[in-house]
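In what follows, a structure is listed as structure tokens, so that the remarks can point back to it.
The values are calculated or read from the model by the stated rules, or taken from the named source; none is laboratory data. Since this is a predicted model, take the numbers as computed values, not measurements. So basically every Cβ, Gly included, is an ideal-geometry build from the backbone, and we count neighbours across all protein chains shown. Surface accessibility is based on the protein's heavy atoms, side chains included, excluding ligands, DNA and RNA. Shrake-Rupley method; radii C 1.70, N 1.55, O 1.52, S 1.80 Å.
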Amino acid sequence: MTALLEATPTLEDAQRLLREGDWQGAARLAEKLWRAQPNQAPPLRLLCEALQSANRHAEVITLLEPLIRQGLKDSRLLFRYAAARASTGDQRGAARFYKRVVDQEPAYVEAWLNLGVCLKGIGQAGDAAIAYRRAIALKPDLPEAHNNLGLALQQTGDHLAAIEALDEAVRLRPGYGRALANRAQSLLKLDRVPEAEAACRAAIAAEPQQVDGYINLGLVLLAQNRQQETVEVFRKVLALQPDDAKALSNLGVALKETGAIDEALAMQIRAQAVAPDDATPPWNESHVRLLIGDMAVGWERYERRWGTGDFKTSIRPFKAPLWRGEDLGNRALLVHLEQGVGDTVQFCRYLPLLAECYPGAELTLEVQTSLLDLVRHSFRHWPRILVLPHVNIAGVNLPPYDLQLPLASLPRACGTRIDTVPARAPYIEPRRARDYRQPGDSLVIGISWKSVGATGRKRSLTLERLARLLARPGVRLVDLQYGDTAEERRALAEQHGIQVTHDDTVDAKADLGAFAEQVKGCDLVVSIDNTTVHIAGALDVPCWVLLPYVPDWRWLLRREDTPWYPSLKLYRPPALHAWDPLLERLGDDLAAVLSGDHTRLKPQRWAGPPALVP
């Protein structure tokens, strides 16, 4: 009898093995076929696909790199190589090869999508949005593309456009939980809080096992000062996914807001153990560390901000090395702007100190345009300090520099600890003081009562509540509040007969020099935590600061004074949302001052340990 001939294995056999889950058998057969015909791309493509199905991405890179050096042109293999680079953490390298793929094959939808993912991952959100829009133009009915476009637009700050993209994702896939949860993020950024909460609850109803809806619901509740509910939500997330780093870190944030400092710190540390490459948990840990006065660790963790959220997209590509506190000698240092006006006022104090320590150094400080005239005038006695307005493109209009440093990194570079905070005041000097005093006025009090956004909401009061407390015989109230307050002042006058002096010639958002002149003309400033208190502290004007139960890190815990500003007196509520005892104490202090006890203007100095380490 004639023996039956064994059938020759084919590419279809390898594909069948891969479909059946036998990636090793598929890989062996595909490699055998490729070795037999090395100029044929399909077996090599299948070999790469089999290896990647088993997360053997490094082997794919090793396999394809020699061919790439030889000028590999096959777009499908280049796609596999880019995917392997992305999977091993090299998103920048992956983006470069995805670009090669779409250049060769512009209709390759998956390549455009993956290019968008990589570009967003390396902080190029605008370019990522372009890539997603190219994919959508090729395949408009792909809900994932619209969802990813929404995420990229969020990162650029265009939340209205992000909502449009996410709405389209939900239209294409009703009940798309991730898109609904992402939509809530943009709504929260736009301060459309009730809509954000509704979107989160819709996401949870659509996909009860998907944690994104719960996580964003927690953030929305926290924005509404519903801290205990927030804690409960994040604990529910951890019941679903015990090692979810985002939930652990957000639970830590919520616990901090309730005053559970020890547990809050533990959650941030646990989140870092789960996701050591995620910058958000150490950034959140820095706020706890600095709040309790642990500046040695706090400043180190604070540097991780550049890997988080809006910081990631605002990195400027300076070529000079980072200054780390070494002797400057005769070198030039650029201190470049970051964060808000209050941060600039707080940290610009270091520039005169550096000028004293390093008299041969050339120092350049970037500030917001609204601060330019005030800081220039204040530092006019330091000829080696050049104060410039912030520019968006690194190097434009900047003098030569040898070293550079972000403004809020100065405390770390200078080795600042809680007992070495440079508290020399005043260090800001306006051109004059504005005089609002009228005959019969014994005390001129500047007031500011609100802030905006999610964090501002927990700090804010109404003008009515604050003014009715402060309005006493002999007291003149002066409006130091940002923005248009005309309607609030009119209602206060009509309903309670209380007048608040308003200076129409001052626009604090445009010119903080004029605003500082207002503050300088006050005997006392009473304000929530906002830019006003930083200006008052830098001017060494007495200022009573109304803090929430757990304040921003810079105000520490328990103490009535602050090492940053000697003229500030801190009023703290005894519990969450307990404004009444705080305001009662402030009213008692005001009565004492009006009776002649001017010692009550200034805080009692803290006599406890320098840091409150748990």
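Laid out as a table, the results:
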quantity: Entirely in segment 42-130, the helices (runs of 4 or more DSSP H) that have 3 or more residues that are buried (at least 22 other Cβ atoms within 10 Å of the Cβ); calculated: 75-87, 91-104, 109-121
quantity: Any hit, segment 558-578, residues being of a type in the set (Asp, Glu), under 19 Å from Pro426 (Cα atoms) and part of a loop (DSSP other than H, G, I, E, B); calculated: yes
quantity: Residue check for Arg434: open to solvent by 70 Å² or more (accessible area, probe 1.4 Å) and touching a helix residue (DSSP H, G or I) at 6+ places or on another chain (Cβ under 9 Å); calculated: no
quantity: Unique match (being more than 27 Å from Val545 (Cα to Cα), of a type outside the set (S, T, N, Q) and either open to solvent by 60 Å² or more (accessible area, probe 1.4 Å) or modelled with pLDDT of 95 or more (or both)) among Ala408, Ala394, Ala355; calculated: Ala355
quantity: From Asp479, Asp540, Asp523, Asp511, residue being of a type in the set (D, E, K, R), in contact (Cβ under 8 Å) with a residue 24 or more places away in the chain and open to solvent by less than 10 Å² (accessible area, probe 1.4 Å); calculated: Asp479
quantity: Cβ-Cβ under 7 Å pairs, at least 6 apart or on other chains, segment 57-79 side closer than 24 Å to Arg28 by Cβ, far side of a type in the set (Gly, Ala, Ser) and at pLDDT 80 or above; calculated: His57/Ala84; His57/Ser87; Val60/Ala84; Ile61/Ala84; Phe79/Ala111
quantity: Output for segment 311-336, where each listed residue is part of a loop (DSSP other than H, G, I, E, B) and closer than 30 Å to Gln155 by Cα; calculated: Ser314, Ile315, Arg316, Pro317, Phe318, Lys319, Ala320, Pro321, Trp323, Arg324
quantity: Answer residue from segment 367-389, given it is within 21 Å of Thr532 (Cα to Cα) and surrounded by fewer than 22 Cβ atoms within 10 Å (Cβ to Cβ) and is nearest to the chain's Cα centre (by Cα) among those; calculated: Gln368
quantity: Residue satisfying all of: in segment 526-537; polar (S, T, N, Q) and open to solvent by less than 10 Å² (accessible area, probe 1.4 Å); farthest from Arg472 (Cα to Cα) among these; calculated: Thr532
quantity: Set Arg270, Arg305: member being of a type outside the set (Ser, Thr, Tyr) and buried (at least 20 other Cβ atoms within 10 Å of the Cβ); calculated: Arg305
quantity: So Pro242, is it without any contact (Cβ under 8 Å) to a residue 24 or more places away in the chain and open to solvent by 50 Å² or more (accessible area, probe 1.4 Å); calculated: yes
quantity: First in segment 282-299 and open to solvent by less than 10 Å² (accessible area, probe 1.4 Å), second anywhere and assigned to a helix (DSSP H, G or I) and hydroxyl-bearing (Ser, Thr, Tyr), Cβ under 6 Å, 6 or more apart; calculated: Ser286/Tyr302; Gly298/Ser286
quantity: Leading residue by the ranking (most open to solvent (accessible area, probe 1.4 Å)) among those in segment 411-425 that are under 12 Å from Ala296 (Cβ atoms) and touching a residue at least 24 places away in the same chain (Cβ under 8 Å); calculated: Asp419
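Let's see how each residue does on (1) over 27 Å from Ile428 (Cβ atoms); (2) of a type outside the set (Asp, Glu); (3) touching a strand residue (DSSP E or B) at 6+ places or on another chain (Cβ under 6 Å):
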position	(1), (2), (3)
Val297	yes, yes, no
Glu300	yes, no, no
Thr308	yes, yes, no
Arg316	no, yes, no
Leu334	no, yes, yes
Gly342	no, yes, no
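Yes/no matrix, rows are residues, columns are (1) modelled with pLDDT of 95 or more; (2) touching a Lys or Arg at 6+ places or on another chain (Cβ under 8 Å); (3) among the β-branched types (Val, Ile, Thr):
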| position | (1), (2), (3) |
| --- | --- |
| Ala179 | yes, yes, no |
| Pro208 | no, no, no |
| Ala223 | no, yes, no |
| Lys246 | no, no, no |
